[in-house]
Amino acid sequence: MSHFSLVSTSPSSDTSSASSAPTFENYNFQIYRGQQQPQDDDNTKSESSTSHQEFLKLAHSYNYSLSQKELAITLDENDPLKHMRNEFNYPDMIPSEFIQENKDHSECVKKRVMYFCGNSLGLQPKSLAHNIEKELTKWSHIGVEGHFSSAFGTNKWFQVEESVKNAMAKIVGAKPIEVTVMNSLTANLQVLLMSFYRPTKQKYKILIEQFPFPSDMHAVTSHIKCRIGELRAIFENENLTSDEIVEKCIVQVGPREGEEILRTEDIVDCLKSDSHICVSLIGGVQFMTGQCFDMKTIAKTCQECGIICGFDLAHAAGNIDLRLHEWGCDFACWCSYKYLNSGPGGISGIFVHEKHAYENMDERPRFMGWWSRDAQTRFSLSSKFSPQPGAAGFQMSNPCILSMTAILSSLKVFEMIEQDGQIMSVLRKKSVLLTTYLELLLRQELGDKIQIITPSDSNMRGCQLSVRVIGKNLHQVDNALKKRGIIIDTREPDIIRVSPVPLYNQFIEVFDFVSNFKEILNE
Ligand SMILES: *Cc1c(COP(=O)(O)O)cnc(C)c1O
């Protein structure tokens, strides 16, 4: 059993200007932390997990040791998904300032860029340009008729979102009625909070992880401010400022003293011990540490405590084998340009559990527009209507056809690997091998020059590893990697994030990355 300490972030006394809104640094949020017990195991330590043992067994069966290049080559040869990389376009250019610095490298850079940034922006499906071309042709040739015509091998624009539901549902472990695509991620967080955050005198807090992606924090704090009248009525006698109400309505779960990742038990204890929580909003995979939360346990706890369970799946969709329906989470949203390869700013996905599919406006108020209605009555002017059932009832506008074409082209690639109705379990098999290989190789070759902060247990992470660089300047390392044609991303002050993506990264790229990284760190 862990014990909680309720601590505050740094006091806001040093913020002299009364007029400026608090930044997150000087909001005085409630933070729950589990307390380290003397007998606690430190679960951030690396142990030889099942995925390690399985990987080493596989390497052994090929008769190669971990450090041999032949192992990577053999793993690629035997990879059932090896052809999938042909479905993508690869960047062949590194920004010119890097190339100019060292002309000798420009040739090698042109030949092959190793792209480990699918966690940030996925690669472009090759079919996309042609599919966009078809839509542009259709638009130019038949104009508005395109809404009701599938000319040139396209979808009817009027119901185009129908065409993504099946594949998207499989990606997140949902029923088709539970998913749709609309807007962008942060907008969807606001839209879904509008409906699912229903504060009362008893339950008014939103639980969120301590260091979420900044946008999520902006979304939650601004959401509370936008509903300040409603919340003020709840705290009627307390005479609070709007910033104090924001502080009262948010509780963060933080890592324990000396640890970097969150413990599921601490999230669970917080959900159970704070009876004021009405919505839990945790990321599926933490963008910074790469930790995958135990969403099944979190969702179960929420159900036991009468808490609405929401997930931000930006780093989980297309990365983790999600079972949103089965877990019983209430709502979720995700962007599609990270692991779902739909291009910068691509349309976002939402999930609303079937248990909410038939709720009407009185049961669960929501923002609506003509696209909330079924296609038959969309043009009706009657203001009284029930939204169409399921996630589709949260749609407001007609979606951008270029964005829709991008996500459709990408989902088609995912569907190519489908086996027995499953997509993500197939992808995860390779992903676990690929990231385990990266982890084992990094540990063996780089030892104490780095520290891997992502959990070592493959059930607690997706494909990304977050690696702390010790004793070298982060940007020098990043630039040196870029010159060698390797793209990773950096997070201040000392973290690089490396994401071998199973759809398009190879074992040999992981090998090359580690050997180049090693050379750079030894320079
Ligand atoms: C990438 C990401 C976002 C980005 O938000 P947009 O609205 O798509 O710009 C938000 N939240 C999380 C957790 C993310 O990882």
Open item on the list: With a 1.4 Å probe and all protein chains left in place, how much accessible area per residue does the chain have, in Å²?
Closed with: 43
- [ ] For the chain, calculate the relative contact order in percent as a whole number, restricting contacts to Cα pairs under 8 Å that are 6 or more residues apart.
- [x] 22
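Given R₀ = 56 Å, FRET efficiency for Lys134-Asp448 by Cβ-Cβ distance, to 0.05? Write out the running numbers ahead of the final one.
Numbers: r = 54 Å, r/R0 = 0.97.
Taking R0 as 56 Å, the efficiency between Lys134 and Asp448 is 0.55.
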Task: As computed over the stretch 211-332, the Cα convex hull volume per residue (Å³) - done: 119
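Could you sort 372-385, 156-169, 402-415, 64-77 so that the peptide with the highest average Cβ count within 10 Å comes first and the rest follow in order?
Values: 372-385: 11.5, 156-169: 19.2, 402-415: 22.3, 64-77: 15.9.
The packing order, highest mean first, is 402-415, 156-169, 64-77, 372-385.
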Task: 5 angstrom amide H check on Asn341, placed H, neighbours 5+ away - done: Gly122
- [ ] Rounded, prolate or oblate: pick one for the stretch 300-413, where a ≥ b ≥ c are the square roots of the eigenvalues of its C-alpha gyration tensor, a/c under 1.5 means rounded, and failing that, prolate if a/b is larger than b/c, else oblate.
- [x] oblate
Open item on the list: Expected output is a single nm value to one decimal: the length gained when fully extending between Gln36 and Ser222, i.e. 0.36 nm times separation in residues minus the C-alpha distance. What is it?
Closed with: 63.6 nm
TODO: Return the Rg/Rh value of the stretch 134-189, two decimal places, where both radii are evaluated on C-alpha atoms and Rh is the Kirkwood radius.
DONE: 1.08
Open item on the list: Could you check the spin-label model distance between Lys57 and Ser380? Points 7 Å from the Cα along Cα→Cβ, value in nm.
Closed with: 6.0
Open item on the list: I want to check the label-to-label distance for Ser150 and Ser163. Put each point 7 Å from Cα in the C-beta direction and report it in nm to one decimal.
Closed with: 0.9
Open item on the list: How many angstrom lie between the Cα centre of the stretch 412-435 and the Cα centre of the stretch 300-320?
Closed with: 22
Task: Counting DSSP beta bridges with both ends in the chain, the antiparallel % (nearest 5) - done: 55
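Carbon and sulfur atoms: what percent of the 1.4 Å accessible area of the stretch 170-238 do they account for?
Working: 1570 of 2610 Å².
Carbon and sulfur together cover 60 percent of it.
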- [ ] Subtracting the Cα-Cα distance from 0.36 nm times the residue separation, let me have the gained length for Gln210 to Asp489 in nm, one decimal.
- [x] 98.3 nm
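If you roll a 1.4 angstrom probe over the protein chains with everything in place, what fraction of the accessible area of the stretch 376-523 belongs to carbon and sulfur, to the nearest %?
Working: 2780 of 5580 Å².
Accessible surface attributable to carbon and sulfur in the stretch 376-523 totals 50 percent.
Mind ranking 215-224, 129-138, 327-336, 176-185 by how tightly packed they are, going by the mean number of other C-beta atoms within 10 angstrom, highest first?
Numbers: 215-224: 19.1, 129-138: 15.3, 327-336: 25.6, 176-185: 22.9.
So the order, starting with the most tightly packed, is 327-336, 176-185, 215-224, 129-138.
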Task: Heavy atoms of Cys292 accessible to a 1.4 Å probe, total area in Å² rounded to 10 - done: 10
- [ ] For Val253, list long-range residues whose amide hydrogen, built 1.01 Å from N in the peptide plane, is under 5 Å from its own amide hydrogen.
- [x] Tyr32, Ile208, Glu209, Gln210
TODO: Specify the inter-centroid distance of the stretch 247-273 and the stretch 151-171, based on alpha-carbon positions, in whole Å.
DONE: 40
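Rg to Rh for the stretch 397-517: what is it, with Cα atoms only and Rh by Kirkwood? Working shown, then result.
On the way: Rg = 16.9 Å, Rh = 16.1 Å.
My calculation puts Rg/Rh at 1.05.
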TODO: With no solvent and one equal point scatterer placed on each C-alpha of the chain, evaluate the Debye formula and give log10 I(q)/I(0) for q = 0.09, 0.10, 0.13 Å⁻¹, two decimals.
DONE: -0.70, -0.87, -1.36
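Pairs of Cα atoms under 8 Å, at least six residues apart: use those to get the relative contact order of the stretch 287-376, whole percent. Write down the numbers at each step before the final one.
Details: 90 pairs, mean separation 19.0, N = 90.
With pairs under 8 Å counted, the relative contact order is 21 percent.
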Task: Nearest-0.05 FRET efficiency for Met361 and Lys429, computed from C-beta distance (R0 30 Å) - done: 0.10
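The values are calculated or read from the model by the stated rules, or taken from the named source; none is laboratory data. Keep in mind that this is a model prediction, so the values were computed, not measured. Reconstructed Cβ throughout: ideal geometry from the backbone, glycine too, with neighbour counts over all protein chains shown. Heads up: the accessible areas ignore ligands, DNA and RNA and are worked out on the full protein's heavy atoms, side chains in. Shrake-Rupley method; radii C 1.70, N 1.55, O 1.52, S 1.80 Å.
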